[in-house]
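I have placed the structure first, in the form of structure tokens, so that the comments after it can refer back to it.
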Amino acid sequence: MPLNRLVKQDRMGAFLKDGKSMLLAYDQGLEHGPSTDFTDKNVDPAMIMETAAKGKFSGVVFQKGVAERFYDGRVPLIVKLNGKTSLPKGEPVSRQVCSVEQAVSLGAKGVGYTIYLGSQFEGEMFAEFGKIQEQAHERGLPAIAWIYPRGAAVQNDTSKEIVSYAARAGLELGADAVKIKYTGDPATFAWAVKSAAGVRVFMSGGPKAPTDDDFLKQVKGVIEAGATGLAVGRNVWQNADPLAMADKIRKIIFS
Ligand code: FBP
């Protein structure tokens, strides 16, 4: 059997077109709660499934409960394997709530896991992600790490130093892709992309930007920096016209 280190597989293939990607994230119902993020329309996961398909997203991200009830196969699925609510205070930790096996049975072509880098519990999340990465790779699936520096030890979670540290941690831990926050400009984000050394980099959308143009400027910067694309939620499905926004984003990523 060839040594793993000699096998340069891109397990992200199901989510790529011309090496780029645009993922629709919808796990905020657990992370933030419905009253923080949702309206009468986007509280319904069926609306998100429709947006993912009609908006020609490269993939959609659900927790297992939403996937079980609403995933219909039109867009490749990523199942988030851990999660937490915004209710506990103190050092953040997010633990596994779904197995790789269960994700596969739901039709997942990839699995996601959040690591709070810098938290006093980062070791627990490293260990859990380590097992998940091995189980996902045994099945040929990518393990995508949401790496968010957070906790009392982290002063500025969008600085060049900390975002590139997050990207590099993804490489070191064996992630196929990392989802990280934007640093604010292409030059500093390019350092994060370089630090990931081939691990695919996705920008995490964040709270809805004041205007479409503000957000699209970030998307341009991310692509200019050499990233693969973005995994976005609120900036699409909180938009008054989610499909029009998806179209604008797609044009930048795949142009
Ligand atoms: P958004 O584009 O809405 O920010 O979604 C990306 C995401 O990573 C979600 O997958 C996740 O629920 C959320 O951000 C986590 O947000 P927070 O930074 O508040 O923990």
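Worth pointing out:
- Test for Lys84: is it of a type in the set (Lys, Arg), in contact (Cβ under 8 Å) with a residue 24 or more places away in the chain and within 13 Å of the ligand (Cβ to nearest atom): yes
- Residue check for Val236: of a type in the set (A, V, I, L, M) and away from the ligand (no atom under 12 Å from the Cβ): no
- Only one of Leu243, Leu230 that is touching a Phe, Trp or Tyr at 6+ places or on another chain (Cβ under 7 Å) and modelled with pLDDT of 95 or more: Leu230
- Scoring Ile48 on the criteria (1) surrounded by fewer than 22 Cβ atoms within 10 Å (Cβ to Cβ); (2) over 27 Å from Glu138 (Cα atoms); (3) aliphatic (A, V, I, L, M); (4) in contact with a Phe, Trp or Tyr (Cβ under 7 Å, 6 or more places away or on another chain) leaves a single failure, condition (1).
- Inter-residue pairs, beta-carbon under 9 Å, first hydroxyl-bearing (Ser, Thr, Tyr) and in segment 224-245, second within 11 Å of the ligand (Cβ to nearest atom), 6+ apart: Thr228/Phe202
- Of residues in segment 163-212 being touching a residue at least 40 places away in the same chain (Cβ under 8 Å) and within 14 Å of the ligand (Cβ to nearest atom), the one nearest to Pro242 (Cα to Cα): Gly205
- Single residue of segment 169-218 satisfying the filter (in a helix (DSSP H, G or I) and of a type in the set (Asp, Glu)) that is nearest to Lys131 (Cα to Cα): Glu172
The values are calculated or read from the model by the stated rules, or taken from the named source; none is laboratory data. Computed from a prediction, not measured in an experiment: that's the story for all the values here. Counting neighbours? That spans all protein chains shown, and the Cβs are built from the backbone with ideal geometry, glycine included.
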